[in-house]
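**Q** Before we start, here is the structure in question, set down as C-alpha cells.
The values are calculated or read from the model by the stated rules, or taken from the named source; none is laboratory data. From a predicted model like this one, the values you see are computed outputs, not experimental measurements. Cβ placement follows ideal geometry from the backbone for every residue including glycine, while neighbour counts extend to all protein chains displayed. For accessibility, only protein heavy atoms count, side chains too; no ligands or nucleic acids. Shrake-Rupley method; radii C 1.70, N 1.55, O 1.52, S 1.80 Å.
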Amino acid sequence: MHKKTDFNSLFWSIYGVNNRLFEVSDVFKKQRDKQSDEKKYDNFLKCSNILSNGIYFEFLFKEIVIFDELFIDYLLGNNDKNKFYVNQIHNITLNYKLFSQEKNNENLLINIFSFQISHIIEYMVFNNINVSNFEKCLEKKSLMPFIDLCKESTKSKSLKDLSTKLSYKNSEMKERLEENKIYIEEIHANTFQKDLSEWKNNKSLPSFFKLLIIINTIYKGNNDQKTGLFLQLIIIRSLLQIQKTFSIKESAQIKFFQQLKHFRAIIKKYYSENTLSNILEEQSHYLIDFSEVLDEQFSSKKIDVVKYLEDLKNKIDKFNKYNEGNKLVDLQMPYKDFIINEFNKCKTKNDYFKLLNEISLFTKNEVYPEFINQAYIIIQFIISIKINDKKLFKEHFKLLDRSFGLLLSLYKIEKKLSTYSKLFENISDLKTCLSLISNYFNKYQL
C-alpha cells in the first residue's frame, strides 16, 4: 500500500510541538528511550502489514489518545465543558483524516474547520467566556492581541519587561515539572525578547510549551475563562500554522472567514433559542460527529458496537445526502470495471495471483479514501480465497479485519480458509462473490 503521511509529526507541529509524540511526557521532551516507539511507528508508515492489528490501531489513533490525555487529564480537568471542547477538536482531526484524500475537497475541509471552530467559540460565548481577543487575532492574522493581553495583565511597560516576566514564569513551571521528573530547558529573558519580536512580525509562532507559559502568565489557578482563553490561543496558533504549512491561498482563507461568520451566526441563533438539537442537525450536514463513541471510549465503557455502527451509518448517510449534490465524497472505485472483467476471466491460481499483484500495483502508489481502500481489501480477500493458500488467506483476513476496525475478531468470525472456499465453490463471478461474502457477514450483523 502507499506509504502513509507522517501524521503524528504533522498533527503535533500544528500545535507547536516539533517532535513525534508517543506518550504525554514527550510534549515536554522528557528524556527517555523512544527507539522502540520510533521503530514501530516507522513500520506503521512504511509497511504496516507486518504489524499486529493491535499495534496498527494503537498508532492509527495515537494522536487522538495523547491529545485527550494531555488536555483532559493533565491540563484542563475532566468535566463536561472540557470534554465538549476536546471532542469537537477530535471531530476536526477524525474528519480531516477521513476526507483529506477526497478529490475537490477544499469546500469540504473549509466547512469542517469553520463549523467546528464556530461551534467551540459560540459555546464559549454561551458560557460567558470572553472571545474578543480571539476575534482580534482572526482580523489581524496574528497572536499579538493575546501578547498584548499578557502585557496588560502583568502591567509590563514594554516587550522587554514582559520577556523578563515570561522567563520568571518559565522558572516556576520548570520547578513544578521537575517534581514529576519532567525536565525542561530554562528559557532566559533575552530568548523571550527575541521570540516576542518574531511573534510580533509573524516570523515565527510560539511552541506549545511557550503557549502554556503565556496563559499561565495571564491567569493564575484554573477557571473557565483561563481554559477558554488557552483554547482560543491554541486554535489561532493552529490556523496560522496550517496557513503556513499548506500555503493556503488567499481565496480559500476568504472562504473560511465567510463560513466562520455564517456558522457563528447560525449557532448563536440556536443557542439564543435554546434549540441545541438544531446545532447537531446543522453539524451533520458538514461532518460526522464522533463525540458519543469518544466519550464511551475514553470513559472506559464497553462500546455497543452494533449500536455504534448503526449510529455511524446513519450519520454517514445523512452526510452523504447533504453533500452528494456537490460531489464532495467521490466513492467511485478506480479500475472497477477492469478488476471485475479480469476476475471473471480467471481460470487458474496463477490467473488470480496475477490479478492480485495488479491490484497491489494500483494501490501501491495512489492514496485513496478509506471507503475505496476497504473495497480493494475486500476484493483482495476474495482473490486470496480463490488462490486457496493458507498463508496468503491469513494475511488478507488480517487486513480485512483491520479495515472493519477489528469487528471480525470481535464477533469471532470464522477464520478457516475451507469455510470460505466452500462458500465460493464453482463461483467465478466477482459480483456474486461480493454478494455471498456480504450475506455471510450479515449473519453476524456486520
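**Q** Just the residues that are outside any helix (DSSP H, G or I), surrounded by 14 or more Cβ atoms within 10 Å (Cβ to Cβ) and modelled with pLDDT of 95 or more, please, taken from the stretch 189-213.
**A** Going residue by residue through the stretch 189-213, those that are outside any helix (DSSP H, G or I) are 201-207.
Filter again for surrounded by 14 or more Cβ atoms within 10 Å (Cβ to Cβ), leaving 202, 205-207.
Selection gives L205, P206, S207.
**Q** Looking at L331, L407, L436, which is the one that is at pLDDT below 85 and open to solvent by 40 Å² or more (accessible area, probe 1.4 Å)?
**A** Working: L407 fails: open to solvent by 40 Å² or more (accessible area, probe 1.4 Å); L436 fails: at pLDDT below 85.
Only one candidate qualifies: L331.
**Q** Helices (runs of 4 or more DSSP H) wholly in the stretch 336-428 with at least 2 residues that are of a type in the set (D, E) - which ones?
**A** Where helices (runs of 4 or more DSSP H) fall fully within the stretch 336-428 and carry at least 2 residues being of a type in the set (D, E), they are 336-345, 349-364, 390-403.
**Q** Could I ask something else about it? When the residues of the stretch 275-292 are narrowed to those that are surrounded by 16 or more Cβ atoms within 10 Å (Cβ to Cβ) and not in a loop (DSSP other than H, G, I, E, B), which ends up modelled with the lowest pLDDT?
**A** This residue is S291.
**Q** Follow-up question, since we're still on this one. Give me a count of the residues in the stretch 15-44 that are part of a helix (DSSP H, G or I), open to solvent by 20 Å² or more (accessible area, probe 1.4 Å) and either among the small types (G, A, S) or under 27 Å from F246 (Cα atoms) (or both).
**A** First, pick out the residues of the stretch 15-44 that are part of a helix (DSSP H, G or I): 24-28, 35-44.
Filter once more, keeping what is open to solvent by 20 Å² or more (accessible area, probe 1.4 Å): 28, 35-40, 42-43.
Then drop every residue that is not either among the small types (G, A, S) or under 27 Å from F246 (Cα atoms) (or both), which leaves 28, 36, 38, 42-43.
Qualifying residue count, the stretch 15-44: 5.
**Q** What's the total number of residues in the stretch 214-248 that are in a helix (DSSP H, G or I), open to solvent by 20 Å² or more (accessible area, probe 1.4 Å) and aliphatic (A, V, I, L, M)?
**A** 4
**Q** Could I ask something else about it? If a residue must be farther than 9 Å from S118 by Cβ, surrounded by 13 or more Cβ atoms within 10 Å (Cβ to Cβ) and of a type outside the set (K, R), how many such residues does the stretch 258-274 contain?
**A** The total comes to 2.
**Q** Which pairs turn up if I take residues in the stretch 256-284 that are in contact (Cβ under 8 Å) with a residue 24 or more places away in the chain and look for partners that are basic (K, R) and in a helix (DSSP H, G or I) with beta carbon separation below 9 Å, at least 6 apart in sequence or on another chain?
**A** Hits for this filter: S284/K315; S284/K318.
**Q** Using the structure shown, decide if D161 is open to solvent by 60 Å² or more (accessible area, probe 1.4 Å) and farther than 19 Å from Q253 by Cα.
**A** On the way: open to solvent by 60 Å² or more (accessible area, probe 1.4 Å): no; farther than 19 Å from Q253 by Cα: yes.
For D161, the condition - open to solvent by 60 Å² or more (accessible area, probe 1.4 Å) and farther than 19 Å from Q253 by Cα - is not met.
**Q** What residue, among those in the stretch 60-80 that are outside any helix (DSSP H, G or I) and of a type outside the set (F, W, Y), is farthest from W12 (Cα to Cα)?
**A** Taking the stretch 60-80 as the starting set, the residues that turn out to be outside any helix (DSSP H, G or I) are 61, 77-79.
Now drop any that are not of a type outside the set (F, W, Y), which leaves 77-79.
Numbers: G77: 21, N78: 22, N79: 24 Å.
Filtering the stretch 60-80 for residues that are outside any helix (DSSP H, G or I) and of a type outside the set (F, W, Y), the one farthest from W12 (Cα to Cα) comes out as N79.
**Q** Could I ask something else about it? Where the second residue is among the hydrophobic types (A, V, I, L, M, F, W, C) and surrounded by 15 or more Cβ atoms within 10 Å (Cβ to Cβ) and the first is touching a residue at least 60 places away in the same chain (Cβ under 8 Å) and lies in the stretch 390-404, which pairs have Cβ atoms under 7 Å and are six or more apart or on separate chains?
**A** L399/I377; D401/L408
**Q** Additional query: Suppose we keep only residues that are more than 14 Å from I117 (Cβ to Cβ) and under 19 Å from the mean Cα position of the chain (by Cα) within the stretch 74-85. Which one would you say is most open to solvent (accessible area, probe 1.4 Å)? Talk me through it step by step, then tell me what you get.
**A** To start, the set of residues in the stretch 74-85 that are more than 14 Å from I117 (Cβ to Cβ) comprises 74-83.
The next check asks that each one be under 19 Å from the mean Cα position of the chain (by Cα); those that pass are 82-83.
Values: N82: 6, K83: 74 Å².
Per the stated criteria, the residue is K83.
**Q** Within the stretch 97-150, which residues are charged (D, E, K, R) and not in a loop (DSSP other than H, G, I, E, B)?
**A** Of the stretch 97-150, the ones charged (D, E, K, R) are 97, 102-103, 106, 122, 135-136, 139-141, 148.
K97, E106, E122, E135, K136, E139, K140, D148 - these are the residues of the stretch 97-150 that are charged (D, E, K, R) and not in a loop (DSSP other than H, G, I, E, B).
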